[in-house]
Each structure stands twice: as C-alpha cells, then as structure tokens.
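Computed from the coordinates by the stated procedures, all read-outs in this text should not be read as laboratory data. The structure displayed is predicted, hence computed values, not measured ones. So basically every Cβ, Gly included, is an ideal-geometry build from the backbone, and we count neighbours across all protein chains shown.
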Amino acid sequence: MLYSWRTEHCPECNVMYNWHIEKLYRLIKIKTGLGPPLVQCSSCGAHFKTDLQEWYQFSIGQKIRYGILSFILSLIVGFPLALASLEIYGRAVQINDRFFPDSSLLFFITILCALPMMILQMVRIELSITRSESNNSSPMSISFWNWQINLQFYAALLCFITLVIFIVLALFI
Ligand SMILES: [Zn+2]
C-alpha cells in the first residue's frame with residue numbers, strides 16, 4: 001500500500017478531530033507530531049491526551065525531521081498550485097496554451113507557491129513556543145477545522161482542488 005491514513009477521535013464523544021496520512025510505503029512516518037499534548041474537545045469539553053509534543057520537548061532529531069517534512073510538504077502543496085496558477089495565467093493572457101510550461105519557470109513558481117506553507121509551518125513552531133511559555137493552564141480547544149491540528153487535511157484539500165483546476169484547464173478547455 002502506497003500510504004496509510006488515520007483518523008483521531010475524542011475519547012468521550014467520539015467526534016473526529018484529525019485526519020492524516022501516517023505512513024508512506026508502510027515505513028516512512030510523515031506526521032511531524034507537533035502540537036499540544038493535552039487538548040480540550042470543542043464539542044463536549046472533555047480534556048484528553050494526544051500523541052503530540054510541543055517544540056521544546058522535541059529532540060534535535062525531531063526538529064530536523066520537522067524541517068525536512070515541512071519542506072517536502074510545502075513542495076507537494078506548491079507544485080499543483082504552481083501548475084494551476086500558470087495554467088490560469090496562460091489562459092488569462094492567452095500566451096501559453098501548452099500542456100506544460102517552461103520547466104525553469106515552473107520550478108520558480110513552485111518555490112514561490114511553497115512559501116506560504118513553509119511560513120505556516122514556522123508559525124506553528126512559534127505558536128507552540130508561545131503555548132509552552134504562557135501560564136495559561138487551560139488546554140487548547142480543538143475541532144476538525146483547527147488548522148494547527150489538521151494542517152495535513154487542508155494541504156491535501158488544496159492539492160486536490162488545484163490538481164482538478166489544472167487537469168480541467170489543461171485537458172478540456
Ligand atoms: Zn468530545
């Protein structure tokens with residue numbers, strides 16, 4: 001199996017709060033594991049433990065792994081976004097109706113489109129440090145729509161939408 005995915009639920013009311021791809025090719029674990037170890041369910045208010053850790057609890061190895069995974073995730077999101085953007089741009093100015101744009105331009109736009117995700121991953125570190133340093137003892141309230149807890153879902157959704165836009169434009173219009 002190419003990948004395995006998993007959902008996580010509140011132990012009290014069973015509401016789903018997370019969807020993520022856990023492993024590629026059974027071996028490569030791709031979840032970064034950054035987040036609050038204790039959270040509060042936004043549906044029923046129960047407190048429960050997660051398998052996440054805050055940034056200060058990460059070892060050097062986990063931090064490096066977080067950096068590498070963030071970079072790869074950013075490129076995975078950036079590539080279809082770049083394809084769709086170039087395809088839309090090409091149609092808008094009617095200079096480019098080829099299936100694939102020039103590869104160096106595609107590379108440059110992919111890096112550009114990868115930047116927002118890279119920045120979000122850095123913001124997550126910043127928010128984790130802020131959580132650890134604050135004296136606020138009430139745990140973070142979470143739901144499925146919490147972007148910090150469920151960033152992979154949003155990334156996958158964005159990839160899907162941009163790929164559909166690209167394929168429809170490139171093949172049918
Ligand atoms: Zn709950």
* **Two-site label geometry, Cys159 and Phe144: point separation in nm, points 7 Å out along Cα→Cβ** => 2.0
* **³J(HN,Hα), Karplus 6.51/-1.76/1.60, whole Hz, each residue of the range 84-91, x for Gly, Pro** => 5, 4, 5, 5, 5, 4, x, 5
* How much length is gained if the chain between Val15 and Leu105 is pulled fully straight, taking 0.36 nm per residue apart and subtracting their Cα-Cα distance, in nm to one decimal? -> 28.0 nm
* What length, rounded to one decimal in nm, is gained on full extension from Ile167 through to Ile68, with 0.36 nm per residue of separation minus their alpha-carbon distance? -> 32.8 nm
* Asked: Per the Kirkwood definition applied to all pairs of different Cα atoms, how many angstroms is the hydrodynamic radius of the chain?
  -> 18.0
* To do: Taking a cut-off of 20 Å between Cα atoms, list the aspartates and glutamates near Lys63, but don't count ones fewer than 8 places away on the same chain.
  => Glu22, Asp51, Glu54, Glu126, Glu133
* HN-Hα J in Hz across the range 162-167 - Karplus 6.51, -1.76, 1.60, θ = phi - 60°, x for Gly and Pro -> 5, 5, 4, 4, 4, 5
* Counting only Cα, what are the radius of gyration and maximum Cα-Cα distance Dmax of the range 110-173, in Å? -> 16.6, 56
* Roughly how many nanometres apart are two label points built 7 Å out from the Cα toward the Cβ at Ile30 and Ser43? -> 2.7
* Work out which trypsin sites (Lys or Arg not before Pro) in the chain are exposed loop sites (DSSP not H, G, I, E or B, at most 11 other Cβ within 10 Å) and give the longest gap free of them. => 99-173
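Calculate, in whole percent, how much of the Cα-Cα pair population of the range 33-99 lies beyond 15 Å. Display every interim value, and only then the final one.
Details: 1545 of 2211 pairs.
Value for the range 33-99 (Cα pairs over 15 Å): 70 percent.
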